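The values are calculated or read from the model by the stated rules, or taken from the named source; none is laboratory data. Owing to the predicted nature of the structure, the values given are computational and were not obtained by experimental measurement. Neighbour counts run over all protein chains shown; Cβ positions are idealised from the backbone, glycine included.
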Amino acid sequence: ATEIRLAARPQGAPTLDDFSIVDTGVPAPGPGEILVRNLVLSVDPYMRGRMSDAKSYAAPYEVGKVMHGGALGEVVESAVDTFKPGDVVLHQLGWRTHAVLDAKAAVRVDPDAAPLNAYLGVLGMTGLTAYSGLFDVAAFKAGDTVFVSGAAGAVGSIVGQLAKVNGARRVIGSAGSAGKVRHLVDDLGFDAAFNYKDGPVADQLREAAPEGIDVYFDNVGGEHLEAAIDSLNLHGHIVVCGMISQYNATEPTPAPRNLGQVIAKRFTLRGMLVSDHFDLQPKFLAEVAPLVRDGSIKYSETVVDGIRNAPQAFLDLLGGANTGKMLVRL
Ligand code: NDP
């Protein structure tokens, strides 16, 4: 068995030296437990937060311990009646090839209902984040113009398409390369998209949304948030899902300098955590799984092979090498 441990807490941008790759024996399940051989690991931006010891919503990883994360695996040994070898389960003890877990912490998935990887992305945590953020938190309604940042990523790509399928007037995305911008418009049906590295976000957004935006789904923070406030229409909604542009910051980051516009525009800005919305899971799956099946919602994956490449996959995720969901296949 092999596992990825946190070797050191990064200062600023993480490097490969912050991780260690350790070979261990295969653990055995005790009473009430199952042994799972992991098949696919999820690579997620929130893991950057857990590498720091700053207080946050998820407990910090411990130095010298495994960096657990989302995973799909196959049960190989079971000490309970509810799971048998061969069952495929979703769980949170990833970033290792083999995991022993409390059977109650494993969720069975049906490998015939959808491609397995989808349970970590479009039909999993990132899909639910897009769905709950757009409909519940941002109160999206048909006719709205929607702007989403990180638009070619796992969450952002689904936000834009969900808005489009549900009657958005106009959907605009920003991403970090010309290829991603083309993908948003040509493959995912966005009405407009721009590369935020090409010039000031405020200018590019104003050009893409001359009549303003009603909803901003923020995955990035910083300059993007400030630009969205500038373009926001009266009574608009901002949902702050992530602020990836600031995750490596070592100094306090500047607030949006134009926050004062909240008064005249009476806009709403709300943070969200997907874990508050797990009750929406059945509704989300009932609505979104058929759209994925019939191709109305498309999803991409960037798949890296081998557990030893998981640290590099994580650095690449922060650097924008992924289109859609970043995964490690074991
Ligand atoms: P993505 O698939 O979007 O991958 C991260 C992307 O962020 C990269 O591909 C890169 O794309 C972009 N990025 C990196 N640095 C910057 C920067 N400085 N400025 C702008 N873009 C940058 O990841 P997810 O879809 O998993 O997550 C998206 C966001 O949602 C993250 O902020 C994450 O923390 C948040 N999140 C929040 C949840 C919640 O419950 N609140 C749950 C899940 C995710 P590019 O090439 O475009 O730069």
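Only one of the listed residues (GLY12, GLY25) is free of Cβ contacts under 8 Å to residues at least 40 places away in the same chain and either out of contact with any strand residue (DSSP E or B) (no Cβ under 7 Å at 6 or more places or on another chain) or assigned by TED's automatic domain parsing to the domain that holds ALA106 (or both). That residue is GLY25.
One residue is enough: does segment 36-51 have a residue meeting the conditions assigned to a loop (DSSP other than H, G, I, E, B), surrounded by fewer than 14 Cβ atoms within 10 Å (Cβ to Cβ) and at negative phi? Show your work before the answer.
Quick first cut of segment 36-51, residues assigned to a loop (DSSP other than H, G, I, E, B) only: 43-45.
Okay, now just the ones that are also surrounded by fewer than 14 Cβ atoms within 10 Å (Cβ to Cβ), so none.
Looking through segment 36-51, none of the residues is assigned to a loop (DSSP other than H, G, I, E, B), surrounded by fewer than 14 Cβ atoms within 10 Å (Cβ to Cβ) and at negative phi.
Go through segment 138-174 and give me each residue that's outside any loop (DSSP other than H, G, I, E, B), touching a residue at least 60 places away in the same chain (Cβ under 8 Å) and either near the ligand (Cβ under 7 Å from one of its atoms) or hydroxyl-bearing (Ser, Thr, Tyr) (or both). Within segment 138-174, THR145, GLY153, ALA154, VAL155, GLY156, SER157 meet the criteria. Of all residues in segment 4-18, none satisfies being modelled with pLDDT of 95 or more, touching a His at 6+ places or on another chain (Cβ under 8 Å) and surrounded by fewer than 20 Cβ atoms within 10 Å (Cβ to Cβ).
If the condition is being over 16 Å from LEU134 (Cα atoms), within 13 Å of the ligand (Cβ to nearest atom) and crowded, with 18+ Cβ neighbours inside 10 Å, then segment 227-254 contributes ALA227, MET243, ILE244, SER245, TYR247. Tell me, yes or no, whether segment 185-193 has at least one residue that is touching a helix residue (DSSP H, G or I) at 6+ places or on another chain (Cβ under 7 Å), more than 9 Å from the ligand (Cβ to nearest atom), free of Cβ contacts under 8 Å to residues at least 40 places away in the same chain and of a type outside the set (Phe, Trp, Tyr). Yes. Filtering segment 255-279 to residues that are surrounded by 12 or more Cβ atoms within 10 Å (Cβ to Cβ), within 30 Å of ASP44 (Cα to Cα) and aliphatic (A, V, I, L, M) leaves LEU259, LEU269, MET272, LEU273, VAL274.
Of all residues being within 13 Å of the ligand (Cβ to nearest atom) and touching a strand residue (DSSP E or B) at 6+ places or on another chain (Cβ under 7 Å) in segment 98-123, which is farthest from PRO29 (Cα to Cα)? Just the residue, please.
Of all residues in segment 98-123, those within 13 Å of the ligand (Cβ to nearest atom) come to 120-122.
If we keep only those that are touching a strand residue (DSSP E or B) at 6+ places or on another chain (Cβ under 7 Å) too, we end up with 120-121.
Values: LEU120: 24, GLY121: 28 Å.
Per the criteria, the residue is GLY121.
Say whether the condition of being among the charged types (D, E, K, R), loosely packed, with under 15 Cβ neighbours inside 10 Å and over 14 Å from the mean Cα position of the chain (by Cα) is met by at least one residue in segment 297-304. Step through it out loud before you land on a result.
Residues of segment 297-304 that are among the charged types (D, E, K, R), as a first pass: 298, 301.
Then keep just the ones that are loosely packed, with under 15 Cβ neighbours inside 10 Å; that gives none.
No, that holds for no residue.
Looking at LEU280, is it assigned to a helix (DSSP H, G or I), within 16 Å of the ligand (Cβ to nearest atom) and in the same structural domain as ALA163 (by TED's automatic domain parsing)? The answer is no for LEU280.
From the list VAL155, VAL109, VAL171, which residue is under 23 Å from ASP44 (Cα atoms) and either at pLDDT 95 or above or surrounded by fewer than 18 Cβ atoms within 10 Å (Cβ to Cβ) (or both)? Even if it seems obvious, please write down each step before you answer.
Details: VAL109 fails: either at pLDDT 95 or above or surrounded by fewer than 18 Cβ atoms within 10 Å (Cβ to Cβ) (or both); VAL171 fails: under 23 Å from ASP44 (Cα atoms).
Unique residue meeting the criteria: VAL155.
Considered as a group, the residues in segment 210-226 that are touching a residue at least 24 places away in the same chain (Cβ under 8 Å) and over 25 Å from the mean Cα position of the chain (by Cα) include one that is surrounded by the most Cβ atoms within 10 Å (Cβ to Cβ), and that residue is GLY212.
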